1. When you go through (1) without any contact (Cβ under 8 Å) to a residue 60 or more places away in the chain; (2) within 21 Å of residue 2 (Cβ to Cβ); (3) in contact with a Phe, Trp or Tyr (Cβ under 6 Å, 6 or more places away or on another chain) one by one for residue 49, which number turns out not to apply?
2. Would you be able to tell me the number of residues in segment 1-22 that are among the hydroxyl-bearing types (Ser, Thr, Tyr) and buried (at least 16 other Cβ atoms within 10 Å of the Cβ)?
3. Would you point out the residue of segment 30-58, among those that are under 14 Å from the mean Cα position of the chain (by Cα) and not small (Gly, Ala, Ser), that is nearest to residue 101 (Cα to Cα)?
4. For residue 54, are the conditions met, namely being touching a residue at least 60 places away in the same chain (Cβ under 8 Å), in a helix (DSSP H, G or I) and either closer than 21 Å to residue 2 by Cβ or out of contact with any Pro (no Cβ under 6 Å at 6 or more places or on another chain) (or both)?
5. Identify all residues within segment 80-98 that are hydroxyl-bearing (Ser, Thr, Tyr) and part of a helix (DSSP H, G or I); write none if there are none.
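The values are calculated or read from the model by the stated rules, or taken from the named source; none is laboratory data. Since the model is a prediction, treat every value here as computed from it, not as a measurement. Reconstructed Cβ throughout: ideal geometry from the backbone, glycine too, with neighbour counts over all protein chains shown.
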Amino acid sequence: MLGVACFLIAYVGFAATSASIAVLALWFVAAGVAIGCVETAEHAAVARLAPADLRGSAFGLLAGVQSFGNLVASAVAGILWTVVSPAAGLLFAAALMAVALACLAWTRGDHHAV
């Protein structure tokens, strides 16, 4: 959840920030923390939850789902970036992170946290 929250913060920050190097660096750090947390959590979840005899296939499925998700999200964000504005593409990504954060909180049992 920390990683998804950091992505949300980074995307909103990128959308709202002008060309200030120091402020942009802050959002890049948040995005770096996010990718480190999310990638680690995804792989740890597969390693923990997949049965030993299916673990390799589970990692393959994870990679496939990630690839498809990256393709769709990048295409939609790219179209919004080009047709509407860069902020629109980033805010689309932020909205997806807000939904992901709510889903993670719900599945974790933190129904009142959302």
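1. (3)
2. Of the residues in segment 1-22, 1 are among the hydroxyl-bearing types (Ser, Thr, Tyr) and buried (at least 16 other Cβ atoms within 10 Å of the Cβ).
3. So the residue we want is 38.
4. Here the answer is no, as residue 54 does not meet what is asked.
5. 82
To keep it simple, each residue is scored yes or no on (1) out of contact with any Asp or Glu (no Cβ under 9 Å at 6 or more places or on another chain); (2) surrounded by 11 or more Cβ atoms within 10 Å (Cβ to Cβ); (3) at pLDDT below 95.
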residue: 24; (1), (2), (3): yes, yes, yes
residue: 33; (1), (2), (3): yes, yes, no
residue: 38; (1), (2), (3): yes, yes, yes
residue: 41; (1), (2), (3): yes, yes, yes
residue: 61; (1), (2), (3): yes, yes, no
residue: 68; (1), (2), (3): yes, no, no
residue: 72; (1), (2), (3): yes, no, yes
residue: 77; (1), (2), (3): yes, yes, yes
